[in-house]
Amino acid sequence: MSGPRRLRLLFPALLLAVTACTQSPAPPRGAGDVKPAYGDALVEGTIGDASTLIPLLATDTSSHAVAGQIYNGLVKYDKDLKIVGDLAESFTISPDGLTITFHLHRGVKWHDGAPFTARDVLYTYRVVIDPKTPTAYAEDFKQVKGIAAPDDYTVRVTYGAPFAPALASWGTAILPAHLLEGKDITKSPLARAPVGTGPYRFKEWVAGQKIVLEANHDYFEGRPWIDRYIYRIIPDTSTMYMELKAGAIDMMGLTPVQYARQTTGTRFTSQFNKYRYPSSSYVYMGYNLRHPLFKDKRIRQALTAAIDKDELIHGVLFGMGQKAVGPIPPGRWAYNPNVRDIAYDPKHAAELLAQAGWREKNSAGILMKDGKPFSFTILTNQGNQQRLLTAQIIQQRLRYVGIDVKIRIVEWATFLKEFVDKGNFEAVMLGWTTTPDPDMFDVWHSSKTNPGELNFVGFKSAEVDRLLVEGRSTFDLEQRRKAYFRIQEIMADEQPYTFLYVPDALPVVSARIRGVKPAPAGIGYNQIQWYVPKAEQVY
Amino acid sequence: MTRYLLKRILMLIPLMVGITLITFSVVHLAPGEPVEMQMAMNPKVGKEARERLRKFYGLDKPLAEQYVTWVGKLARLDLGRSFSSDNRPVKDKIAERLPITLALNIIALVLEFGLAIPIGIMAATHRDTWLDKGITVFVFVGFAVPTFWLALLLMYLFGVKLNWLPISGLHTLGSDSYGLLRYVGDMARHLCMPILVASFGSLAGLSRYMRSSMLNVIGQDYITTARAKGLSERVVIYKHALRNALLPLITQAGLAIPGLIGGSVIFETIYAIPGMGQLFYQAVMARDYPVVMGIVIIGALLTLIGNLVADVCYAVADPRIREGRGAQ
């Protein structure tokens with residue numbers, strides 16, 4: 001064989017040499033036998049590796065997702081996003097709202113066999129508030145005035161004033177006192193090999209590759225049907241999607257385009273079940289209210305009227321989302337269905353702009369006032385295609401009413417440090433993830449407008465301030481609802497943000513996994529009841 | 001030669017000090033602090049929590065003090081602890097990522113040089129023939145094809161459509177129970193596509209480099225003399241020309257040494273390979289100063305060593321250089 005020929009064949013030969021052994025396809029699923037059975041594994045794709053499996057110290061979602069299978073809190077949200085007991089069998093709130101008493105489950109064991117008691121709750125509280133603990137989650141616990149354990153299975157927490165988010169804050173992972181007390185938590189081996197009370201116990205962590213958990217057969221709510229829970233770390237979403245298609249992972253979140261266009265064939269739908277429900281986040285365009293351009297609320301109303309939210313949902317989310325009207329996503333108990341959105345109406349927008357003095361247009365069709373054109377920049381962070389597309393569509397729509405919009409994309413750290421924290425922007429495009437509890441004090445209270453704080457648009461309203469305090473100072477649901485309903489009315493009128501859309505969450509799960517029941521809380525709330533029928537088990 | 005070597009090694013010390021200063025300054029000049037990156041936009045995080053974390057990482061101290069502390073540790077070969085939530089020693093983080101990146105890059109490097117040299121020689125000796133033109137086209141494709149696109153294309157073809165190769169990662173789930181041979185085979189199958197992608201772009205450049213170097217040498221008088229003496233073309237090319245034509249490639253090989261530990265963000269991300277490229281990228285994005293500085297310092301040190309090794313190899317390969325330096 002001549003030299004060139006040898007070379008020409010080298011590449012295919014190299015590939016073939018190592019591909020002699022091919023991956024075997026998954027066996028066909030049995031049609032009849034769908035009875036729950038123990039066994040098999042669930043492989044979930046995750047973009048980032050966890051950093052630490054002591055949730056108190058973790059600030060990233062990957063760590064919390066894994067730790068969520070290993071630990072329990074005293075309370076949790078049920079499928080309808082209502083707070084129910086978790087490690088606490090029950091809890092009572094005193095009529096004055098100042099004391100919460102948790103009655104703990106008896107017989108719960110840590111993964112190493114030690115019994116779970118009130119001592120663990122007291123330790124967790126003490127370590128959270130210890131100034132030496134580098135945690136981000138001390139804030140809610142600083143409201144606690146006193147904590148006591150009258151016996152091993154009762155914990156009584158008292159507050160100086162009624163504080164509604166307090167109950168949810170006890171959903172924080174309870175840590176094992178017998179392994180941590182008296183030791184430096186930042187150097188604990190539990191960060192890499194955690195011991196919890198949860199449905200899955202830690203088995204193996206291969207940095208950057210996978211984290212393997214195995215079912216806790218002694219779990220106090222019952223043994224999970226699926227024996228192993230494996231997180232595979234795949235940083236690229238396209239790769240993850242291909243791994244899904246090849247059957248190497250069982251579960252991931254789809255992008256709208258994947259959901260709408262790339263997963264519609266019968267081959268895919270026979271192997272996977274797609275789910276769709278409103279996510280707990282919303283995307284908005286926030287205006288710098290200190291900027292002269294946005295001081296007049298008629299301008300902000302006009303901008304909202306000039307933006308077609310349906311078009312955004314159709315164009316950016318392929319229809320998989322809904323309009324956001326205010327800071328509380330639809331479906332939540334505090335969502336006010338009576339608040340009317342400012343409808344898309346360019347004529348109305350033009351009228352509002354004219355009322356605010358923007359009547360004349362220059363030769364380029366841009367509105368002018370006092371010799372200055374109506375022009376501003378939307379600032380958003382790099383690496384979020386959805387936000388960029390949204391900004392581009394908005395740019396077109398606002399151009400239509402005579403507003404010149406520029407778009408600037410900035411790297412996240414620079415975006416925060418140089419622009420958002422310093423209030424050095426005209427408009428920003430961002431999103432908030434909301435908790436099931438509607439408390440939004442930090443985002444909207446006028447005391448939170450200092451540099452580096454979350455009310456960076458500079459929204460100030462005495463009435464909203466009062467309602468925010470009222471909403472978090474009582475456990476009475478009706479009273480809270482009233483306060484948040486009114487806040488949404490004020491927001492709809494003030495338009496400090498143009499609330500754009502609530503995207504849908506789009507998880508996909510292998511069809512061999514049964515028992516998945518979507519609810520307002522999503523699909524993960526009943527994971528210990530998921531199972532794979534014996535005939536369909538592959539691992 | 002020995003004196004020259006000693007001088008070069010001693011010069012590394014002030015250079016390293018300069019590098020630590022520049023590295024520290026550049027890393028700290030980037031906007032955003034690790035604490036900001038971890039806690040920004042979280043309604044549950046107050047100012048007090050941020051301060052608590054800044055103190056924990058020592059970020060509340062003056063920059064000069066932070067620099068002295070860091071260099072002091074560095075002198076004791078301690079790279080410090082990561083600023084991410086795990087707060088693990090930087091050396092542990094690097095150590096668990098290094099072997100895979102090193103192995104992958106060495107294999108890719110051997111493949112690149114092993115292929116680029118014969119391809120370059122062939123293109124040069126068959127100058128302006130169909131073969132040379134074909135190789136030129138191949139080279140330009142190699143230059144032009146973006147790594148991520150080629151990677152995704154190969155994944156789709158060999159992973160999804162043909163189901164011949166695993167798509168990403170290093171091992172099949174459950175491979176821990178395999179025997180040694182099967183385990184190594186499984187890993188080899190996982191590495192096929194990443195190595196191919198890692199080599200492809202550089203292969204193109206290197207082979208082009210080899211071609212021009214060979215053409216340059218073939219045009220020299222001593223080659224004409226060798227041919228006039230009636231030596232076979234094989235002897236002329238492989239005995240007389242090749243040695244000199246390889247000299248520029250030795251420099252390239254020396255420069256590739258720091259790249260061995262650097263890894264590639266793109267193919268490591270796409271193929272889910274937990275290597276140094278991925279670690280570095282994540283550390284930069286999270287402003288994890290100790291990890292970023294640790295990797296940069298190791299890279300800088302290796303660059304210096306690489307240059308030294310290249311110079312030494314150069315001197316070994318070409319007696320004229322050795323003699324010239326010896327006479328200095």
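Numbers for the structure displayed
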item	result
Selected residue (only one of A:168, A:207, A:193, A:149 is over 26 Å from the mean Cα position of the chain (by Cα) and surrounded by fewer than 21 Cβ atoms within 10 Å (Cβ to Cβ))	A:149
Residues located in the stretch A:378-410, provided they are open to solvent by 40 Å² or more (accessible area, probe 1.4 Å) and within 30 Å of residue B:27 (Cβ to Cβ)	A:382, A:383, A:384, A:385, A:388, A:407, A:408, A:409
Residue identified as touching a His at 6+ places or on another chain (Cβ under 7 Å) and either farther than 19 Å from residue A:113 by Cβ or part of a loop (DSSP other than H, G, I, E, B) (or both) among A:171, A:196, A:146	A:196
Unmet requirement for residue B:32, which otherwise passes all of (1) on the phi < 0 side of the Ramachandran plot; (2) part of a loop (DSSP other than H, G, I, E, B)	(1)
The stretch B:245-284, subset assigned to a loop (DSSP other than H, G, I, E, B) and among the hydroxyl-bearing types (Ser, Thr, Tyr), residue surrounded by the fewest Cβ atoms within 10 Å (Cβ to Cβ)	B:264
Where a residue in the stretch B:29-41 is more than 7 Å from chain A (Cβ to nearest Cβ) and its partner, wherever it lies, is part of a loop (DSSP other than H, G, I, E, B) and not charged (D, E, K, R), with Cβ under 6 Å and at least six apart	B:34/B:83
Hits in the stretch A:116-146 - residues which are under 27 Å from the mean Cα position of the chain (by Cα) and of a type in the set (A, V, I, L, M, F, W, C)	A:121, A:127, A:128, A:129, A:136, A:138, A:141, A:144
Total residues in the stretch B:149-166, condition surrounded by 16 or more Cβ atoms within 10 Å (Cβ to Cβ) and facing chain A (nearest Cβ under 10 Å)	12
Where residue A:161 falls short, out of the listed (1) part of a loop (DSSP other than H, G, I, E, B); (2) within 30 Å of residue A:468 (Cα to Cα); (3) within 14 Å of chain B (Cβ to nearest Cβ)	(3)
Residues of the stretch A:309-334 that turn out to be open to solvent by 50 Å² or more (accessible area, probe 1.4 Å) and touching a residue at least 40 places away in the same chain (Cβ under 8 Å), as a count	6
Residue within the stretch A:354-373 that is in a strand (DSSP E or B), open to solvent by 20 Å² or more (accessible area, probe 1.4 Å) and hydroxyl-bearing (Ser, Thr, Tyr) present	no
Among the candidates A:70, A:47, A:100, residue that is in contact with a helix residue (DSSP H, G or I) (Cβ under 8 Å, 6 or more places away or on another chain), more than 11 Å from every other protein chain (Cβ to nearest Cβ) and among the β-branched types (Val, Ile, Thr)	A:100
Count of residues meeting criterion [in a helix (DSSP H, G or I) and within 12 Å of chain A (Cβ to nearest Cβ)] in the stretch B:100-132	18
Residue in the stretch B:167-176 that is more than 11 Å from chain A (Cβ to nearest Cβ), assigned to a helix (DSSP H, G or I) and open to solvent by 20 Å² or more (accessible area, probe 1.4 Å) present	no
Residue B:138, sole failed condition from (1) at pLDDT below 85; (2) under 22 Å from residue B:260 (Cβ atoms)	(2)
Search result, residues across the stretch A:412-462 that are within 13 Å of chain B (Cβ to nearest Cβ) and hydroxyl-bearing (Ser, Thr, Tyr)	A:414, A:433, A:434, A:435, A:447
Residues of the stretch B:272-282 satisfying the condition of being in contact (Cβ under 8 Å) with a residue 40 or more places away in the chain and more than 10 Å from chain A (Cβ to nearest Cβ)	B:276, B:277
Of all residues making up the stretch B:83-111, the number that are open to solvent by less than 20 Å² (accessible area, probe 1.4 Å) and under 16 Å from residue B:206 (Cα atoms)	1
Residue list for the stretch A:100-124, filter: surrounded by fewer than 16 Cβ atoms within 10 Å (Cβ to Cβ) and in contact (Cβ under 8 Å) with a residue 60 or more places away in the chain	A:107, A:109, A:112, A:114
Residue identified as at pLDDT below 85 and in a helix (DSSP H, G or I) among B:156, B:238	B:238
Residue match in the stretch B:51-65 (condition: more than 11 Å from every other protein chain (Cβ to nearest Cβ), open to solvent by less than 60 Å² (accessible area, probe 1.4 Å) and under 30 Å from residue A:208 (Cβ atoms))	yes
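The values are calculated or read from the model by the stated rules, or taken from the named source; none is laboratory data. Because the structure is predicted, anything quoted here is derived from the model rather than measured. In this analysis, Cβ positions are derived from the backbone assuming ideal geometry, glycine residues included, and neighbour counts consider all displayed protein chains. Surface areas here come from the heavy atoms of the whole protein model, side chains and all, with no ligands, DNA or RNA. Shrake-Rupley method; radii C 1.70, N 1.55, O 1.52, S 1.80 Å.
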